[in-house]
Amino acid sequence: MTTTATNSLPLPPSLYAATAVPPLQLPPLDADRNVAVAIVGGGFAGLSTALHLAEQGVETLVLEAREPGWGASGNNGGQLNPGLKLDPDTVEAEFGGDLGARMIAFSYNTPVFTLELIRRLGIACAARQNGTLRAAYHESHARAVEATATQCIRRDMPVRLLDRQELRQITGTDRYLRALFDARGGDVHPLNYARGLARAVLAVGSAIHARTPAVSLSREGTRWRIDTPRAIIRADKVLIATNGFSDDLWPGLKRTIVPLFSSIAATAPLREDVAREIMPTRSVLYESGHITVYYRVDTSNRLLMGGRGPMHWISDPNAVAYLMRYAERLWPAVRGIAWTHGWNSRLAMTADHYPHVHEPAAGLLAYLGCNGRGVALATAMGQQLARRLIGGETTPIDMPLTAIKPIRFHAAWPVAVRSAVMVGRLRDRLGL
């Protein structure tokens, strides 16, 4: 998922890294190669695209500056959440009845697609389908949740609107007024999933080269040329799937997203009596608000709390002490429980809150901007991107292809993000 910018950083010290299957031994590229498709980025989008290409007989090579799952793919909240950030009615109003309807049907089914892929490939990654809760604790946010639920129900989705009493039973806290429950959601151990997906890519004949950053990308006759530190790749087509770690490999691309850090703190395994009271149905939850907090209890009965944190790398749960305090507010029984891990990684947020697919030149695709829904969305997008790469520019996919439009004053994003987080937290406290 990375190119050159983070090549010297170690794997984030996550709970996932401490409990994952061993990484694959993937040598750096040290000899020139000619392939049909080269993919820059070994996260979920890049790996899934490589898999779906190779399964159709397309010779594919993946370049990863670190190792598969090193970035946000292997370090996220592990939630498989349906849908896009914006409501279905908004999507259809912006993109029309045809493409808009396809975007909705595709995005809301991404957890199902991902879980079916995991089962088909036999990836051991603690995958579960216990549903997603989008929960609100202020009346204004509750009205927004109700509106989303109404739109989903009108489209015959497996969605229910839950009241406070039902939520108390499902979550173990009386914090929430309303929630949308979508039965398609679930969770995974994301690093095990990334490594399992990489193993599946190798099994169908594609190559993955770790510790091989893409240094430059240029046109060479009718083909693309990618320079790496030790070798050159020539490819008919290229996919850039670097998300929150996008750099200057293609002009302007990194200025189309805001690379936010998202942080997670994890407890030691909870006592059995506590584990039975917290999220007893083991649904995952993310809050409806300006600054989202999300959490789940994993298969080892560890509580994982995620949200915005420092805009730099962390390695200790104390760096996001507010998440631990918030957990105690939700469930006083967790007071005194040890918090064993704290880590973060960079996500890619877009100004319009949609994932972006760009085709800035013939035979070149770029995909980035999952906006916090990357596990399922990026996986399912792999099939869509593979379809486009095989079929060419006349092949439709279920997401719009848009021009690269750099965000104005992009260089100021760290200051802007800090300000937005402060304002968002204040608005959430006030219910605005």
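Every read-out reported here was derived from the displayed coordinates using simple, explicitly stated rules and does not represent laboratory data. As the structure is a computational prediction, the values presented were derived from the model and not from experiment. Every residue, glycine as well, gets a Cβ built from its backbone with ideal geometry; the counts of neighbours run over all protein chains shown.
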*What per residue convex hull volume, in Å³, comes out for region 27-96 when only alpha-carbon positions are used?*
149
*Express the relative contact order of region 144-237 as a whole percentage, based on alpha carbon pairs under 8 Å and six or more residues apart in sequence.*
15
*Taking the C-alpha atoms of the chain, how large are the radius of gyration and the largest Cα-Cα span, Dmax, in Å?*
20.8, 66
*Nonlocal amide H pairs with V293, under 5 Å, H built at 1.01 Å*: E287
*Using a Gaussian network model of the chain whose springs link C-alpha atoms within less than 10 Å, name the residue from V91, V37, V284 with the highest mean-square fluctuation.*
V91
*Rounded to the nearest 0.05, what FRET efficiency do T402 and R271 have when you use their Cβ-Cβ distance and R0 = 41 Å?*
0.25
*lysines near K85 by alpha-carbon distance under 25 Å, same-chain residues fewer than 8 away left out - which ones?*
K254, K405
*asked:* Give me, ordered by chain and number, the residues 5 or more places off A126 or on other chains with an amide H under 5 Å from its own placed amide H.
replied: H189
_How high is the relative contact order of the chain? Use alpha-carbon pairs under 8 Å, at least six apart in sequence, and give a whole percent._
24
*Counting helices only, and only those DSSP H runs with n ≥ 4, report the 222 nm mean residue ellipticity of the chain as the sum of -39,500 (n - 2.57) divided by its residues, in deg cm²/dmol to the nearest 500.*
-10000 deg cm²/dmol
*Of all the Cα-Cα pairs you can form in region 158-222, what percent are over 15 Å apart?*
74
_Among S246, Y193, M157, which residue has its Cα furthest toward the positive end of the charge dipole of region 140-251, with +1 on Lys/Arg Cβ and -1 on Asp/Glu Cβ?_
Y193
*Say we join alpha carbon atoms closer than 10 Å with springs in a Gaussian network model of the chain; which of S48, S218, S246 then has the biggest fluctuation?*
S218
_Unit charges on C-beta of K, R, D, E only; dipole of the chain, Debye_ = 600
*Mind giving me the nanometre distance, one decimal, between the label points for R155 and R168, set 7 Å out from Cα along Cα→Cβ?*
3.3
*asked:* Based only on other Cβ atoms within 10 Å, what is the fewest-to-most ordering of R308, R408?
replied: R408, R308
*Cα pair distances of region 166-314 binned at 10 Å [whole percent]*: 8, 25, 28, 20, 14, 5, 0
*Over region 85-227, one equal point on each Cα, no solvent: what is log10 I(q)/I(0) by the Debye formula at q = 0.15, 0.16, 0.18 Å⁻¹?*
-0.93, -0.98, -1.07
*How large is the Kirkwood hydrodynamic radius of region 37-163, in angstrom, based on all distinct alpha carbon pairs?*
17.1
*Under the Kirkwood approximation applied to all pairs of distinct alpha-carbon atoms, what is the hydrodynamic radius of region 93-149 in Å?*
14.1
_Alpha-carbon radius of gyration plus Dmax, which is the widest Cα pair, for region 191-235 in Å_ = 13.3, 40
*asked:* If you restrict to DSSP beta bridges whose two residues both lie in the chain, what percentage is antiparallel, to the nearest 5?
replied: 70
